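The values are calculated or read from the model by the stated rules, or taken from the named source; none is laboratory data. Note that the structure is a prediction, hence the values are computed from the model and not measured. Reconstructed Cβ throughout: ideal geometry from the backbone, glycine too, with neighbour counts over all protein chains shown.
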Amino acid sequence: MTSTPSPVIHPAWLPAEAFRALGSRRVRVDTAGDAGLLVGTVLAEVSRACARFGGSVQPPEAPADLVLTLAPRSRGDAARHGGPRPDRDLDGFRIGRRGASTVVTGDGPAGLFYGLFEVVRRGEAAFDPGLADERHEPAFGLRVLDHWDNVFVHRVMGQVERGYAGGSLFWDDGRLRDDLTRVGDYARLLAASGINAVTVNNVNVHAGETHLLTDRLGEVATIASTLRPYGIRLHLSINFAAPVILGDLPTADPLDPDVRRWWSDTTERVFETIPDFGGYLVKADSEGRPGPFSYGRTHADGANMLADALAPYDAPVRWRAFVYNHRQDWRDRSTDRARAAYDHFAPLDGRFRDNVILQVKHGPMDFQTREPVSPVLLAMSDTRLAVELQVTQEYTGQQKHVCYLPPMWSSVLGFQPTGDDGPTLATRLSGGVLSAVANVGDDPFWTGHPLAQANLYAVGRLGWTPGRDPAEILDEWIGLTFPGTPRHLLHALMDDSWETYEQYTAPLGVGFMVRPGHHYGPDVDGYEYTPWGTYHFADRDGLGVDRTVATGTGYTAQYPRPWSERYEHPDTCPDELLLFFHHVPYTHVLHSGSTVIQHIYDTRFAGAQRVAEMQAAWAQAAELVDPAVHTRVTERLAEQRRSAEEWRDQLNTYFHRKSGIPDAKGRPIH
Ligand code: GCW
């Protein structure tokens, strides 16, 4: 069962106050009678803001402080497209000054609408006579949040798999929610951050959820119409075995003509019902989900079948590369889970249709606190690739811990595949897809931990400008969400929170060490002898995973040069990834000058100490923050502190017992 939503829903980054600058002025929405749905949304936003703050919506030709207008070539496009289909190629806009007015010119209705939110973000600064002319357009055409929401409450995973913010916004115990008001509000928040699509069900599509594609499509269409006014398209996760599960066919073989016809007929009905349907998302042959392997077919066969069904509608299938053996034998040292996605997919490069997008988790394992960039993203130049980020904090504190993730994401998007002077990964992927696993639920703060909203906000902003400084995005979010609160208070808690989290959890890129199943809290050996392939190999002499070509699993060879060489040798491997790539003695000296064992002790103490300081600083700020936010963050910080100390003590004790090496500073180790 899901929790009952509180009647007071936090406005996140769109509090009424954020509209003051715009709403207290004369605004003209100059779209020459264009009555498209998105233009209607812009008008409604402007009217609401002006009604609240005393400004006015000006008639055509009348003087205005802000003019929102469409570029000439797109006039009429919106009318032609009629209501629903926002043109995603026309998301860009210009902003600048003309005489005494600020003018936003949308490339199309969506651009107009993103331009409006740019004005909101800038507040008074949008009306500065010195405002420079700027053109904005998103780096990624599709900026999608994937919800791991179940329709039916799952006996282990609950309503939302890896959800830490209450129930689903869409589904409640098997049914579509009656009241979708929050879905509309959510769409508005997402649009204001720059997101343009959501997937409304878990990638693990269980039997009940399989019906969303066919007999429960009406419910999906209802969600789509709630999202549409904000330019958010709906995507569905599908079950590869749907033709069998739904009882229509004896096989789901992707090369079987009946199966292919089934998918094209089913897809036709989807588009008849939802003309602006976004596309399919597929988890196949992964963690027990069905897929083409059952029929002796390849992932290219499977993905291409769905791509062919979607092609008439110019829609993509996103096919996930998260394929690995989760029934591995821990005694077998040659099997390395990190290698799996590359081993499965790199040989298929060039064999996918144009509307197949291979969606790759940003690291080779599974959203750990620190991983190298997935080598799949650096290969496969003849395949459309998307990077998948995880906003929901499965392995990064489950929205009980403060953990501002954009510095991690920026290190992925800014990674330079060909070395220090080359283009970034974001440049390579631009024009394509940025996808992220959502972190919201029916919690009154949307994300459980109010400060986890910043992660959701930032993913949209990075979808437009992946090279932007995460600290700047954070500052923007703080300004919008906490008008009146001194910004340094939030910065003090959030700026280095990812690093802090890393300090008290698994060290130097080794990963996991979490409690199996729910993945919260320390359990150093929790996964060590399991079939999941997530090991640290600690013994009395050392720890880490040897992934070298010389003596290990050979994983480093999946990287292009110079990375393959850098990672291969401990002396050139970055400290923070040392134990991901190498098994070293506890006495190995890091570039930092510390030994591995002393680093483990020092950073565990420092991380837990830092959390205690965050807690003390927040306690001082009670008067300066909305009391409801203050209380919720206070509660979560108390848990973060307890948990950080538990991590510190378990890891220190474990490695002290294993290594027998005392802490050089003589601090208490139990
Ligand atoms: O990290 C694992 C999660 C699963 C998830 C899977 C995936 C949706 O623990 O809960 O399943 O990744 O990404 O498919």
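Numerical summary
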{"quantity": "Residue in region 376-387 that is among the small types (Gly, Ala, Ser), surrounded by fewer than 23 Cβ atoms within 10 Å (Cβ to Cβ), within 15 Å of the ligand (Cβ to nearest atom) and within 28 Å of ARG461 (Cα to Cα) present", "calculated": "yes"}
{"quantity": "Qualifying residue in region 519-542 (condition: buried (at least 23 other Cβ atoms within 10 Å of the Cβ) and of a type in the set (D, E, K, R))", "calculated": "no"}
{"quantity": "Hits in region 35-47 - residues which are closer than 20 Å to PRO63 by Cα and of a type outside the set (Val, Ile, Thr)", "calculated": "LEU43, ALA44, GLU45, SER47"}
{"quantity": "Residue match in region 108-115 (condition: part of a loop (DSSP other than H, G, I, E, B), in contact (Cβ under 8 Å) with a residue 24 or more places away in the chain, touching a Ser or Thr at 6+ places or on another chain (Cβ under 6 Å) and not assigned by TED's automatic domain parsing to the domain that holds ASP475)", "calculated": "yes"}
{"quantity": "Residue check for LEU236: touching a residue at least 12 places away in the same chain (Cβ under 8 Å), within 16 Å of the ligand (Cβ to nearest atom) and out of contact with any Gly (no Cβ under 6 Å at 6 or more places or on another chain)", "calculated": "yes"}
{"quantity": "Filtered residues of region 270-292 (kept if part of a loop (DSSP other than H, G, I, E, B) and more than 12 Å from the ligand (Cβ to nearest atom))", "calculated": "ILE274, PRO275, ASP276, PHE277, GLY278, PRO290, GLY291"}
{"quantity": "Residue within region 417-439 that is within 16 Å of the ligand (Cβ to nearest atom) and assigned to a loop (DSSP other than H, G, I, E, B) present", "calculated": "yes"}
{"quantity": "Residue, nearest to TYR114 (Cα to Cα), within region 186-211, restricted to residues that are of a type outside the set (A, V, I, L, M, F, W, C) and part of a helix (DSSP H, G or I)", "calculated": "SER193"}
{"quantity": "Count - residues of region 200-229 that are among the acidic types (Asp, Glu) and away from the ligand (no atom under 16 Å from the Cβ)", "calculated": "2"}
{"quantity": "Unique residue being on the phi < 0 side of the Ramachandran plot, surrounded by fewer than 16 Cβ atoms within 10 Å (Cβ to Cβ) and in a loop (DSSP other than H, G, I, E, B) when the list is ARG353, ARG331", "calculated": "ARG331"}
{"quantity": "Search result, residues across region 462-495 that are crowded, with 22+ Cβ neighbours inside 10 Å and farther than 17 Å from VAL402 by Cα", "calculated": "LEU462, GLY463, PRO466"}
{"quantity": "Per-region count, region 306-323, residues of a type in the set (D, E, K, R) and in a strand (DSSP E or B)", "calculated": "2"}
{"quantity": "Residue count for region 285-315, restricted to those that are polar (S, T, N, Q) and within 27 Å of the chain's Cα centre (by Cα)", "calculated": "2"}
{"quantity": "Hits in region 161-199 (condition: among the hydroxyl-bearing types (Ser, Thr, Tyr) and away from the ligand (no atom under 16 Å from the Cβ))", "calculated": "THR181, TYR186, SER193"}
{"quantity": "Any hit, region 324-344, residues being among the charged types (D, E, K, R), closer than 23 Å to VAL259 by Cβ and either within 16 Å of the ligand (Cβ to nearest atom) or under 24 Å from the mean Cα position of the chain (by Cα) (or both)", "calculated": "no"}
{"quantity": "GLN453 being surrounded by 21 or more Cβ atoms within 10 Å (Cβ to Cβ), within 16 Å of the ligand (Cβ to nearest atom) and not in a strand (DSSP E or B)", "calculated": "no"}
{"quantity": "Tabulated pairs, region 57-72, first touching a residue at least 40 places away in the same chain (Cβ under 8 Å), second in a loop (DSSP other than H, G, I, E, B) and surrounded by 11 or more Cβ atoms within 10 Å (Cβ to Cβ), C-beta under 6 angstrom, 6+ apart or interchain", "calculated": "ASP65/ARG25; LEU66/ARG25; LEU70/THR31; ALA71/ASP107"}
{"quantity": "Pairs with Cβ under 8 Å, 6+ apart, first in region 523-544 and outside the structural domain of ARG648 (by TED's automatic domain parsing), second among the aliphatic types (A, V, I, L, M) and exposed (fewer than 15 other Cβ atoms within 10 Å of the Cβ)", "calculated": "none"}
{"quantity": "Selection count where residues are at pLDDT below 95 and either out of contact with any helix residue (DSSP H, G or I) (no Cβ under 8 Å at 6 or more places or on another chain) or more than 21 Å from PHE93 (Cα to Cα) (or both), scope region 18-32", "calculated": "2"}
{"quantity": "Matching option when the condition is over 29 Å from ALA300 (Cβ atoms), within 15 Å of the ligand (Cβ to nearest atom) and touching a residue at least 40 places away in the same chain (Cβ under 8 Å), among GLN398, GLN368, GLN390", "calculated": "GLN398"}
{"quantity": "Spans of helices (runs of 4 or more DSSP H) in region 577-670 with at least 3 residues in the same structural domain as TRP446 (by TED's automatic domain parsing) and surrounded by fewer than 17 Cβ atoms within 10 Å (Cβ to Cβ)", "calculated": "none"}
{"quantity": "Of residues in region 94-143 being surrounded by 19 or more Cβ atoms within 10 Å (Cβ to Cβ) and among the small types (Gly, Ala, Ser), the one nearest to GLU17 (Cα to Cα)", "calculated": "ALA126"}
{"quantity": "Candidates VAL153, VAL183, VAL144, VAL120, filtered to the one that is among the aliphatic types (A, V, I, L, M), under 16 Å from LEU281 (Cβ atoms) and either touching a strand residue (DSSP E or B) at 6+ places or on another chain (Cβ under 6 Å) or part of a helix (DSSP H, G or I) (or both)", "calculated": "VAL144"}
